[in-house]
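Single-structure report; data block below.
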Amino acid sequence: MSKTTTLRVISHAIAVAILFGSCTGAVAHAFLDNATPKVGSVVTTPPKTIRIQFTQRIEGAFSHIHLFAAGGQEIATGPAAADASDQAVLTAPITGTLAPGHYEVRWDVLSVDTHHTNGHFPFSYQP
Amino acid sequence: MEILLVGLRFVQYMAVMILFGSSLFPYYALAGNGSTRARNANIAAFIQRAAFYASLAALLSAIGWLGCEAVLMSGDPNGYREGATLWTVLNDTEFGGIWRWRLLLLLLLPIYLAWRLLTHRTPLVWPVLVSGIFLVASLAGVGHGAMGLGFSEWTHLGNQALHLLAAAVWVGGLLSLFHAIRYIRDAELGAEVQRRVLARFSLVGFIAVLLIVASGLLNSWFLVGSFAALFNTTYGQVLMVKIACFLFMVALALYNRLFLMPRLAAGTDDGETSLRLLLRSIAAEQIFAILVVASVSLLGTLPPAMDRMVM
């Protein structure tokens, strides 16, 4: 390969690299995409489970969902598990009783690329 | 713990890249190139020795990496010595699904190589090469390569594997090249053999660089997302350091290809000066390669710049 060809190919590669810089792509790590009950919603019947859809697949074995009442006391929930048909979905059954009021769901998950993320969202139960 | 993980990742990446890249070298640089049994046996013996130490380093760092993941995944500082936690990591996570096969191979490989070395058997390169391909490519599945959903996940995974394999061809190949050039010089096998080995490595290195650039660009598309993120996120800044070191490697390779190799071929000096410069240049390339791998080891523990756009 001649010097000129070598230099030309390399300069083209660098030019393409600069052009590529402005592209956008997929989402990394697991963040909340949507949830049931919906984020900030008011529900009229007490939910039986909490279901969170993430932006990436998660490891159910190291992912958790906790539910807290407005006063700070924790409401009992069963162990969280990744959905068998969609590994980006984490669900946890609510085993405690919900009284009318405001609640906060706190989640922390391990994505399949081995990074932890966490967050929380509110919902209210008004029969 | 994160700092320890970065160190272990560095050892793991370097070791498996040496396993694959150094063992591929004889197949393109030496085969049919004025082969002599003594020369090929010498270089194969060097590769087998290097592979033994590299596989030991890979085994130890893989065990350490598993321990770190057990701590980081579980949030339990004693997770690395809790059998149940280690079992859950190996059995119930995607990381573990890949890691248990890697661990098995990394347990067998040093035993096999030690047996061959101790019994003074004719050095064999292909078992190291086959193991190296699996050990390098499978690293794509345990980091940011595993992210994403649907089609982009498989594209990213395949692209990351290609990126790692191409990088290993260059980084690991440099080690064998350095040894081969010194051996050819010391055994006085002639400038023509030396020139052909260099020309072949240069061509394969050039293809590897093109693959690294192309797959690196696609990776940036997945993980960085914007030109601005290169400057205002830690991930982007470390990536810039990595790219700078990579460009130094390319510059040195060009210096070898366009300046030193023609001088060696033309015999414009006593040959010794150009050869000494070439060996120094290859050594410098290896130092920059170490810096690139160190950056990669750090990048895998940082949230990709793309996350900043989501948050």
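Here, each number is a calculation from the coordinates, and none is a lab measurement. The model shown is predicted, which means the values in this text are computed figures rather than measured ones. We place every Cβ from the backbone using ideal geometry, glycine too, and count neighbours over all the protein chains shown.
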Q. When Cβ neighbours within 10 Å are restricted to other protein chains, what is their mean count per residue of peptide B:214-223?
A. 4
Q: Could you point to the residue in B:240, B:169, B:194 farthest towards the positive end of chain B's charge dipole, with +1 and -1 charges on the Cβ of Lys/Arg and Asp/Glu respectively?
A: B:194
Q) How high is the FRET efficiency between residue B:122 and residue A:51 when r is their beta carbon distance and R₀ equals 45 Å, given to the nearest 0.05? A) 0.15
(Q) At 0.692 mPa s and 37 °C, plugging the Kirkwood radius over alpha-carbon pairs of the protein assembly as shown into Stokes-Einstein gives what diffusion coefficient in µm²/s? (A) 137 µm²/s
Q. Per residue, what volume in Å³ does the convex hull of the Cα atoms of the stretch A:77-125 enclose?
A. 84 Å³
Q: Calculate, for residue B:114 and residue A:84, the FRET efficiency according to 1/(1 + (r/R0)^6) with r their C-beta to C-beta distance and R0 45 Å; round to the nearest 0.05.
A: 0.55
Q: Give a residue-ordered list of calculated ³J(HN,Hα) values for the stretch B:196-202 (Karplus: 6.51 cos²θ - 1.76 cosθ + 1.60, θ = phi - 60°; whole Hz; x for Gly, Pro).
A: 5, 4, 5, 5, 5, 4, 4
Q: Along Cα→Cβ, 7 Å out, is where each label goes; now give me the distance between the ones at residue B:37 and residue A:106 in nm to one decimal.
A: 7.3 nm
Q: List the pair-distance distribution P(r) of the stretch B:211-259, using every Cα-Cα distance, as the percent of pairs falling in each 10 Å bin from 0 up to the bin containing the longest distance, rounded to whole percents.
A: 25, 46, 22, 8
Q: Compute the semi-axes of the equivalent ellipsoid of the stretch B:1-123, taking the square root of 5 times each eigenvalue of the Cα gyration tensor, and list them largest first in whole Å.
A: 36, 14, 11
Q) How many times 2.2 N^0.38 Å is the alpha carbon radius of gyration of chain B? A) 1.06
Q. Residue separation times 0.36 nm, minus the C-alpha to C-alpha distance between residue B:92 and residue B:191: what's the value?
A. 30.0 nm
Q. Averaged over all directions, how much area does the convex hull of the C-alpha atoms of the stretch B:172-311 cover when projected, in nm²?
A. 8.7 nm²
(Q) Averaged over its residues, how many other protein chain Cβ atoms are within 10 Å of peptide A:57-64's Cβ atoms? (A) 5
Q.
Could you give the length gained by full extension between residue B:232 and residue B:78, i.e. 0.36 nm per residue of separation minus their alpha carbon distance, to one decimal place?
A. 51.9 nm
Q: Mind giving me the nanometre distance, one decimal, between the label points for residue B:265 and residue B:134, set 7 Å out from Cα along Cα→Cβ?
A: 4.1 nm
(Q) Of all beta bridges DSSP finds with both residues in the protein assembly as shown, what is the antiparallel percent, to the nearest 5? (A) 95 percent
**Q.** Average partner coverage of A:109-122, which counts Cβ from other chains inside 10 Å
**A.** 5
